[in-house]
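Remarks on the structure that follows.
What follows draws every value from the coordinates through simple rules; no lab data is involved. On a predicted model such as this, the values are computed, not experimentally measured, just so you know. Neighbour counts are summed over all protein chains in view; Cβ atoms, including those assigned to glycine, are modelled from backbone coordinates with ideal geometry.
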């Protein structure tokens, strides 16, 4: 790590120390594991810290995004390679909460997978189109909003699903399905709704999915099935890694387009807010109307509401002439991170009945 990277991390820690201290103290207070019984072992304290991190997940993400907006230079050390490494590690950790039988079980849920796929590529693209019309966005902002609405589900949705006590196996399958089908769906829907054809690197999409989602999760599931003592040893630190990684990635996405976000005013922020509010709300409501259980409905809500903003930024940069097209996509990454983290914080404290019943 370079001296600049080390200094940046130090400065971030220094600036956020007061806020982080209050957040962490609050997390310890509200954590479901916290009690006045005392006598905890080191392992129990590690689990308590992890639960505190998860409980205040929305605040950590908010801190990361605010730092990215106000101090973008702090995130210069976050390279694309570090993004991939961080997400890969987190995916392995999440895979450790699954077994290979769980993943096979997700494939045996055609209704859930099909429902999620249809909602993914209907709710968000149409929401992007109608929000653009409603707010009369300039063409470059409208194109960016529609483009991100037509993108597949983001890999961070798997992290949020894990923290929200959703169906992680279903989340992984849905992310993989929407990402692979994005080769056709993203350019087709963008062309229809934004009036411009967008070329997608099919090989790159498939490779990214394999590297960041499928292979790491399968590796984690393999470890959980055949090396359970190791999984039991490392499981207390998994919430730490998920929360910290998501906060850093959110802050980095904002930092990359901070100047454009500050110049765009409230119109783009409102548009992104409405886009993702529609995705999360209709994703959950329609899934429940289709008769899906609470855990699966949470998963579909998160999958529909959280988009692959990184893909959107790459496509906008390569295929749209106006650089301002990227701005709503960057704002979108903030909105879906905050929305998703808030839902994760709320839903983590509410265990679905079907999960409770399965433990009896």
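Figures for the structure shown
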item	result
Burial ordering of 112, 303, fewest other beta-carbon atoms within 10 Å first	112, 303
Cβ-derived FRET efficiency at R0 45 Å, residue 219 paired with residue 130, nearest 0.05	0.65
Where only alpha carbons of the range 79-358 are counted, the Rg and the Dmax (Å)	17.8, 57
FRET efficiency, residue 277 to residue 76 (Cβ-Cβ, R0 45 Å, nearest 0.05)	0.90
Footprinting exposure proxy for 151, 104, 335, 349 (fewest neighbouring C-beta atoms within 10 Å first)	104, 349, 335, 151
Along principal axes, Cα extents of the range 215-329, largest first, whole Å	52, 36, 25
Protection proxy ranking of 220-229, 250-259 - average other beta-carbon atoms within 10 Å, highest first	250-259, 220-229
Exposure proxy ranking, count of Cβ atoms within 10 Å, fewest first, for 332, 350	350, 332
Sites residue 108 and residue 234, calculated FRET efficiency, Cβ-Cβ separation with R0 35 Å, nearest 0.05	0.75
